[in-house]
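**Student:** Can you read through this structure? Questions will come right after.
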Amino acid sequence: MSAAPPDPEALKRLAPKLAPGGGDILDVRPLSGGASQDLWLIEFTHGERAVLRRAPEGGAGRSDLAIPIELEAALIKAAGESGVPSPRVLHVLEPADGLGAGFFMQHVTGEALGQRIVKDDAFAAVRPRLARQCGEIIARIHALAPPPGLPVKDARVTLDALERQYRIENWPRPVFELAFRWLRAHAPPLSQPTVIHGDFRNGNLLIGENGVRAVLDWELAHAGDPMEDLGWICVNSWRFGVPDKPVGGFGEREELYAGYEAISGKPVDRARARYWEVLGTLRWGVICTLSAVALREGLVSGIERAMIARRASETELDLINLLRDA
Amino acid sequence: MQDHPSALAILDLAVAHLRDNVLPTLDTRAKFEMRVTLGALALVRRTMELTPQSDAAEQVRLETLLGEVGELEALNKLLCERIRDGAADLTTPGLAEHLHATALEKLAVDQPSYAAYRRALEQ
């Protein structure tokens with residue numbers, strides 16, 4: 001399923017803001033990493049390019065946990081100003097623009113497909129540097145001041161939301177039950193709510209020959225436990241078939257932690273980062289089950305969704321392995 | 001009794017047609033979707049081939065573990081209840097082994113290329 005293209009007349013009116021160099025709109029085409037996103041590349045005759053990211057109409061396809069898209073734009077802007085590789089935000093949509101809710105950003109080139117990043121020769125030279133870079137970038141994100149309206153979520157809040165979603169499937173998953181019990185028994189208290197990206201992983205990073213060029217997909221940002229981002233990027237599902245490189249399939253945990261500690265000046269709580277890796281594995285598993293529910297309810301269709309639903313079992317194996325070692 | 005060719009044989013012919021005759025004619029986006037579709041058909045094939053045996057094995061394990069007889073779904077629901085109530089956990093004899101075996105049986109159908117699955121088979 002793809003979103004309807006943006007209204008060309010409305011785009012034309014905004015062109016001076018999007019391409020200060022002038023020129024007419026040459027082409028508008030969907031830009032997608034596979035999932036159905038309302039994401040468009042706009043090319044201008046003088047060579048400038050802008051990306052439009054919109055909130056889907058009626059909220060379909062956007063997670064319940066997602067922040068308002070305007071807040072997402074504000075975070076990307078703040079992150080960019082604090083040294084986080086980010087696209088420049090060009091314009092945040094207003095109702096008068098007639099294009100719905102969303103924002104325009106500068107187009108950044110790079111590779112986002114996790115599979116290619118962990119396996120292609122083109123990234124062989126940069127791969128050994130990525131884990132440390134990711135640690136440094138996460139530390140910079142965690143240093144941001146929480147913007148007003150950013151929801152606070154600790155482990156318990158996240159577990160409550162996940163468990164509600166899991167119960168909707170009404171399908172017995174003994175491994176998930178075990179994971180919920182273990183995670184509740186070991187839930188860390190939230191001492192200092194920190195700006196968390198919430199989906200910082202291989203697949204949401206644009207990688208170039210010198211490393212991370214942009215951090216994408218901020219819609220799950222929240223204030224929470226800093227170790228959450230350090231656990232999520234190590235979830236096995238984001239290693240793209242390279243399980244021995246726990247950080248995104250490209251690096252070692254200690255490299256990630258060293259980068260984080262160097263920039264933040266704070267020690268990484270390794271046990272707590274592992275806790276969030278377990279929670280993250282369960283989270284991806286529950287997300288997979290949401291696809292099954294959405295198909296069952298007739299809210300979505302498409303073979304891709306069915307195949308995502310069938311990825312829940314990968315997290316069951318990972319969870320049982322993690323819980324046996326815990 | 002159904003006639004020949006078997007459902008599996010017909011599925012294989014259909015997949016071969018899509019892969020060899022249709023796939024090469026498609027544009028990039030449709031090609032991607034056809035590859036996903038071929039993957040889905042392979043999953044259906046593995047389901048037909050593997051699950052009669054793996055479901056039966058799972059049922060035996062669950063009945064032994066729970067001391068109850070019943071349908072697979074009901075047994076799994078019962079196991080979930082016991083875990084939720086704290087009556088069963090990873091210290092329960094046989095539980096971890098059962099869940100590990102079940103996860104492998106599911107992945108054998110869903111995603112036999114998953115690295116953690118392949119590794120578990122090697123061990």
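**Student:** Mind pulling the angle between the C-alpha long axis of helix B:95-110 and the longest principal axis of chain B? Nearest 10 degrees, somewhere in 0 to 90.
**Tutor:** Rounded to the nearest ten degrees, it is 10.
**Student:** Okay, next question. Taking amide H atoms as placed 1.01 Å from N in the peptide plane, list the residues 5 or more away in sequence, or in a different chain, whose amide H sits under 5 Å from that of residue A:91.
**Tutor:** Residues meeting the criterion, in which the H sits 1.01 Å from N, are A:104.
**Student:** Could you please report the charge total around residue A:20, scoring K, R as +1 and D, E as -1 over all other residues with beta-carbon less than 13 angstrom from its beta-carbon?
**Tutor:** Numbers: positive: A:17, A:49, A:88; negative: A:48.
Taking every Cβ under 13 Å from that of residue A:20, the sum is +2.
**Student:** On average, how many beta carbons from a partner chain sit within 10 Å of the beta carbon of a residue in A:165-176? All intermediate terms of the calculation are to be shown ahead of the outcome.
**Tutor:** Numbers: counts 0, 0, 0, 0, 0, 1, 4, 11, 5, 18, 7, 2.
The mean count of partner-chain Cβ atoms within 10 Å per residue comes to 4.
**Student:** Scan around residue A:213 for amide H atoms under 5 Å from its own, H built in the peptide plane at 1.01 Å from N, and keep only partners 5 or more places away or cross-chain.
**Tutor:** Correct list: A:206, A:207, A:208.
**Student:** Under 26 Å from the Cα of residue A:77, which lysines turn up, not counting those fewer than eight places away in the same chain?
**Tutor:** A:12, A:17, A:153, A:266
**Student:** When N is the residue count of chain B, what does its C-alpha Rg come to as a fraction of 2.2 N^0.38 Å?
**Tutor:** Relative to the 2.2 N^0.38 Å estimate, chain B comes out at 1.40.
**Student:** Ranked by Cβ crowding within 10 angstrom, fewest neighbours first, how are A:104, B:32, A:123 ordered?
**Tutor:** The order, fewest Cβ neighbours first, is B:32, A:123, A:104.
**Student:** Counting Lys +1, Arg +1, Asp -1, Glu -1, what net charge surrounds residue A:216 among other residues with beta carbon under 13 Å of its beta carbon? Please report the intermediate quantities before stating the final value.
**Tutor:** Values: positive: A:53, A:201, A:213; negative: A:72, A:111, A:199, A:217, A:219.
Neighbour charge sum, excluding residue A:216 itself: -2.
**Student:** Check residue A:247: other-chain or 5+ apart residues with amide H under 5 Å from its amide H, H built from backbone geometry?
**Tutor:** The list, which skips near neighbours in sequence, is A:252, A:253.
**Student:** Same structure again: Apply the Debye scattering formula to the stretch A:97-223, with a single equal point scatterer on each alpha-carbon and no solvent, then give log10 I(q)/I(0) at q = 0.16, 0.18 Å⁻¹.
**Tutor:** Debye intensities relative to I(0), on a log10 scale: -1.03, -1.11.
**Student:** From the phi of every residue in the stretch A:117-124, what ³J(HN,Hα) in whole Hz does the Karplus formula 6.51 cos²θ - 1.76 cosθ + 1.60 yield, where θ is phi - 60° and glycine or proline is x?
**Tutor:** 5, 7, 10, 5, 4, 4, 10, 4
**Student:** Could you sort the peptides A:282-290, B:39-47 by per-residue average Cβ neighbour count (10 Å cutoff), highest mean leading?
**Tutor:** A:282-290, B:39-47
**Student:** Okay, moving on. Can you give me the relative contact order of the stretch B:7-122 as a percent, contacts being Cα pairs under 8 Å and 6 or more apart?
**Tutor:** Result for the stretch B:7-122 is 21 percent.
**Student:** Continuing with this model, one more query. Connecting C-alpha atoms closer than 10 Å in a GNM of chain B, tell me which of B:27, B:12, B:55 has the biggest fluctuation.
**Tutor:** It is B:27.
**Student:** Moving to a separate point now. Starting with the highest mean, order A:225-231, A:26-32 by the number of other Cβ atoms within 10 Å, averaged over the residues of each peptide.
**Tutor:** So the peptides A:225-231, A:26-32, ranked by packing, come out A:225-231, A:26-32.
**Student:** What is the sum of charges, Lys and Arg at +1 and Asp and Glu at -1, for the other residues whose Cβ falls under 12 Å from the Cβ of residue A:241?
**Tutor:** Net local charge, residue A:241 excluded: +4.
**Student:** Defining a contact as two alpha carbons under 8 Å apart and six or more residues distant in sequence, what relative contact order in percent does the stretch A:114-325 show?
**Tutor:** Relative contact order, the stretch A:114-325: 27 percent.
**Student:** Across peptide A:309-320, how many C-beta atoms of other chains are within 10 Å of each residue C-beta, on average? Walk me through the numbers on the way to the answer.
**Tutor:** Working: counts 1, 8, 4, 2, 12, 9, 2, 8, 13, 4, 2, 11.
Average neighbour count from other chains, rounded to a whole number: 6.
**Student:** Ok, one more. Rg and Dmax of the stretch A:114-325, Cα atoms, in Å?
**Tutor:** Computed over the Cα atoms of the stretch A:114-325, radius of gyration and Dmax are 16.9, 49 Å.
**Student:** Using the Cα gyration tensor of the protein assembly as shown, with a ≥ b ≥ c the square roots of its eigenvalues, what is the shape: rounded (a/c below 1.5), prolate (a/b larger than b/c) or oblate (neither)?
**Tutor:** oblate
**Student:** Over the stretch A:8-106, what lengths in whole Å, largest first, do the semi-axes of the equivalent ellipsoid take, defined as the square roots of 5 times the eigenvalues of the alpha-carbon gyration tensor?
**Tutor:** That gives 21, 17, 13 Å for the three semi-axes.
**Student:** Follow-up. Among A:52, B:50, A:162, which comes first, second and so on when ranked by fewest other beta-carbon atoms within 10 Å?
**Tutor:** Working: A:52 25, B:50 14, A:162 21.
Ascending number of Cβ neighbours within 10 Å: B:50, A:162, A:52.
**Student:** In addition: Output the 0 to 90 degree angle, nearest 10, between the alpha-carbon long axis of helix B:72-85 and the longest principal axis computed from the alpha carbons of chain B.
**Tutor:** The answer is roughly 50 degrees.
**Student:** Hey, got the average number of other protein chain Cβ atoms within 10 angstrom for residues in B:104-116?
**Tutor:** 5
Here, each number is a calculation from the coordinates, and none is a lab measurement. This structure is a prediction, so every number in the text was calculated from the model and none was measured. As a convention, Cβ positions derive from the backbone with ideal geometry for all residues, glycine included, and neighbour counts pool all protein chains shown.
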